[in-house]
Amino acid sequence: MARKLVLCASSSMLAAGIWTGRALTSVRSFADNEDGQRAFANLLRATHRTPVYLMADTVDEDYRFETLPHTTGKDRRDMVERKLKQLYRSTPFYGANLQERDEGKRRDDRYLFAALTNPEVFNPWLRILTASGLPIAGVFPVPMVSLGLTKTLELKEPNLLLVSKHAAGIRQTFIKQGRFRISRLTPIRAGDAVIESCAEEIRNTRMYLDALNVTHVDDVLNVVVVDQDDSLTALGTAVVKGRRNLRASHLGANDLVTKVGIDRKALEASQDALHLYLLGQRKLPEFNLAPPTLTSGFARHQVSRGILAASAGVGALAAAWCAVNVYQTMHLKSEAQRISNMTRQEQARYQEITRSFPPTPVPTDKLQLTVDVAGRIASMARLPDAAFRVVGQTLDKYPLVRLTGVQWKHGRYAAPDANSTSASTAQLSQSATLHLELTSQPGDIKGALASINTLVRELGKNEHVAEAKVAKMPLNLASTGSLTGSTASARQEQPQTSQFDVEVVLKPGV
Amino acid sequence: MNLSSQDLRALTKPLIVSLVVAAAGAGLVVFSSQAVKRSKGEVAAQESALTEARNRVQQSGQEKDLIDRYVEPYRQLERLGVVGDEQRIGWIDALRAANREADLYGVEYDVGPQQPYTFVSEVNAGPLAVHQSIMKLRLGLLHEGDLFRFFQALAAQKAGTFSVNACTLEPLRVDLAVPVNQPTLHAECELAWITIAGPSAQEGKS
């Protein structure tokens, strides 16, 4: 629980304490004069960014119950706001709280409206608070804070009158069936017989309740005297004396220390210490009379704290994630080290085994690969003899054809009808370009061409030949080229020669 | 909800803190996640190395058989000059001897610089470094059969391994004024002398 500055302001003084989350400490009182206000301002300077919870303990307060038609949401808010402005025109410190719904057919809503009718009492303190810039959580009426005591002490009597002693006087708070109904503050005048005066006030209150029909004359009213300085020990006896419809019990300092949990030193520091403690315990009392302009700083403070809390959550999540990752990394590194050790053991074992092996110039895999590659290189090597044999066998059948030159190659060859001619699809083959000369009768061009074609077909039929074709004809008969010559030479009787080239490709593997 | 300048001023610091925390948190998470990823990769690499080491131990018997089978052929290749550095003097000597044995009229040669072997993919050399040096030959022949006898004689010298890439044969004009035994054909051939890298410096030490 967060640190709070809890205050209780009355017409004559202001009590302050620091709620640390579990205990009330540094309880001090400040008189309503210049010295007191200066001391209070110094206290505020020392409590940096601590939210302030202010209790108002004054006779200038008003509580009333109103029944309004049942509505929800914005309609309800607007209606309640209109009603509040109608009831309390002269003060900004007002509020309303839905108590219950009527049992009747209309099921109307029953509201408690409350206000501090004379805000001038708190203005000096509020000015100092506002100037300090501390976030003000709200202004809460003392009776609403007192309700916390009934829960802590488990006071479940149907008609309960809490009588408590404050710096401002004696406060009587009537609680019926666990719900707040009426509260009165009576200042203690100097010189009064306090016990008798208080007893008289309580008896009057009883009669007032009967008059309002809040209680019946035969109902037993349980009076609980909250007496933090043990000065009202005799009050219970005085109240019930001669009254059958009144019962009284006393809660002294020891009871409050043991049952409520407040520190004795804090309790003794101020008559408002008990309520400061109860205010500190409550997260945010629901009955807040402060106007929104006063609590805007607290809203910012809450959002700021929310953002910081979310940041802390994100940081914690990231830290947890990192911790898991670091743990996992360390585990993996340890695992890698373990496997590395095992690998070294296996390698040592292998070294031990290989000591008995014959010496090798290179590792075994390279040894095998080298020998295999050398074998493949040797098997791929070709001499031109196979190609020359194929050509020679064919040319033997054509005595009029003479070989004038040959260019032989062994390399990658892609078949012309293959889809791709890239080196990856090409195969190693032998190929040869034959430069040939044909002796033919003069003017017998058709006969010469027929002989050349027959020769090429003959070459192509050889079992070792993949392809044979004419690379260059004696005459360029293509329609796209030009053709020149003389018919006069056709009359000569001497045979003529025609040069042509043939390309032969052997099958892969030959 | 409308935020006033006062609200923004009040929320600036927590927002900066939250941004710093978020950025730092994200950075740490990313950094540590990458460390986990790297460690996983390291474990995978170590597991792979362990598997390999275990396989080598398991296959050590088979490895001994391979050594017995391949070490002598490998030594033979080293002796022939196929494995290791080029033996260019040996090639020239082999050319002279082959010319003499084939009764040719002399061989002119040019040897180019060493380069990667052209058909390395065809021989599936894998990581093995295979090189070739191109030798161009020009020689006179009496008959085309002399060319094959010359290559057979060259191979018989065992000066290395070579493959013939190309040959061009052209007839020579015969000078009738000169007595017999003169070349009738001119041949130009391209050979590739092939060498395979021998043991590396590290392998030689081990």
Discussion item. Give me the net charge for the shell around B:Glu108: Cβ to Cβ below 14 angstrom, other residues only, Lys and Arg +1, Asp and Glu -1.
Written reply: 0
Practice prompt. Among A:Phe140, B:Phe148, A:Phe298, A:Phe500, rank each residue by its count of other Cβ atoms within 10 Å, from fewest to most, as a rough exposure measure.
Written response: B:Phe148, A:Phe298, A:Phe500, A:Phe140
Worksheet item: What size of dipole, in debye to the nearest 20, comes out for the range A:299-357 about its Cα centre when the only charges are +1 on Lys and Arg C-beta atoms and -1 on Asp and Glu C-beta atoms?
Response: 180 debye
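What does the charge add up to near B:Met135, with Lys and Arg as +1, Asp and Glu as -1, over the other residues with Cβ less than 12 Å from its Cβ? Before the final figure, lay out the partial values.
Values: positive: B:Arg88, B:Lys136, B:Arg138; negative: B:Glu86, B:Glu108, B:Asp110, B:Glu188, B:Glu190.
Charge balance in the 12 Å sphere: -2.
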Worksheet item: Where does chain A land at 222 nm, in deg cm²/dmol rounded to the nearest 500, when only DSSP H runs of n ≥ 4 count, each adding -39500 (n - 2.57), divided by all residues?
Response: -13000 deg cm²/dmol
Practice prompt. Please give the net charge around A:Pro474, taking every other residue with its beta carbon less than 13 angstrom from that of A:Pro474, where Lys and Arg add +1 and Asp and Glu add -1.
Written response: -1
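Where the only charges are on Cβ atoms (+1 Lys, Arg; -1 Asp, Glu), what is the dipole of the protein assembly as shown about its Cα centre, to the nearest 20 debye?
Numbers: 83 positive and 74 negative charges, 573 e Å.
Dipole magnitude for the protein assembly as shown comes out near 2760 debye.
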Worksheet item: Highest GNM mean-square fluctuation, chain B, Cα pairs closer than 10 Å: which of B:Gln182, B:Gln87, B:Gln46?
Response: B:Gln46
Fill in: Between helix A:292-354 and chain A: long-axis angle, C-alpha atoms, 0 to 90°, nearest 10
40 degrees
Discussion item. How tilted is helix A:385-395 with respect to the longest principal axis of chain A? Cα atoms for both, answer in degrees (0 to 90, nearest 10).
Written reply: 50 degrees
Discussion item. Could you identify which residue out of B:Arg96, B:Arg149, B:Arg54 has the top mean-square fluctuation in a GNM of chain B using Cα springs shorter than 10 Å?
Written reply: B:Arg54
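Can you tell me the length gained on complete extension of the stretch A:Arg28 to A:Arg179, counting 0.36 nm per residue apart and subtracting the Cα distance? Before the final figure, lay out each step's value.
On the way: separation 151, 0.36 × 151 = 54.36 nm, distance 3.14 nm.
Taking 0.36 nm per residue and subtracting the Cα distance, the gain is 51.2 nm.
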Discussion item. Output wanted: per-residue J couplings in Hz (rounded whole) for the range B:160-169, from phi through Karplus 6.51 cos²θ - 1.76 cosθ + 1.60, θ = phi - 60°, x for Gly and Pro.
Written reply: x, 10, 9, 10, 8, 8, 7, 9, 10, 10
Practice prompt. Select from B:Leu19, B:Leu147, B:Leu80 the residue whose mean-square fluctuation is largest in a Gaussian network model of chain B (Cα-Cα springs shorter than 10 Å).
Written response: B:Leu19
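Cut-off is 10 Å between beta-carbons; in what order do A:Val257, A:Val145 appear when sorted fewest neighbours first?
Values: A:Val257 17, A:Val145 26.
Ascending Cβ contact count within 10 Å gives the list A:Val257, A:Val145.
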Item to complete: List A:Val163, A:Val217 from most exposed to least, where exposure is judged by having the fewest other Cβ atoms within 10 Å.
Response: A:Val217, A:Val163
Worksheet item: What is the Cα centroid distance between the range A:203-282 and the range A:335-370, reported in whole angstrom?
Response: 93 Å
Response to the item:
Which residues qualify? For A:Asp108, with a placed amide H closer than 5 Å and at least 5 residues away or on another chain, they are A:Asp102
Worksheet item: Taking Cα atoms, how many degrees apart are the long axis of helix B:88-101 and the longest axis of chain B, rounded to 10 and kept between 0 and 90?
Response: 30 degrees
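Only the coordinates and a few stated rules stand behind these numbers; no lab work does. On a predicted model such as this, the values are computed, not experimentally measured, just so you know. Because the Cβ atoms are built from the backbone with ideal geometry, glycine has one as well, and the counts that use them run over all protein chains shown.
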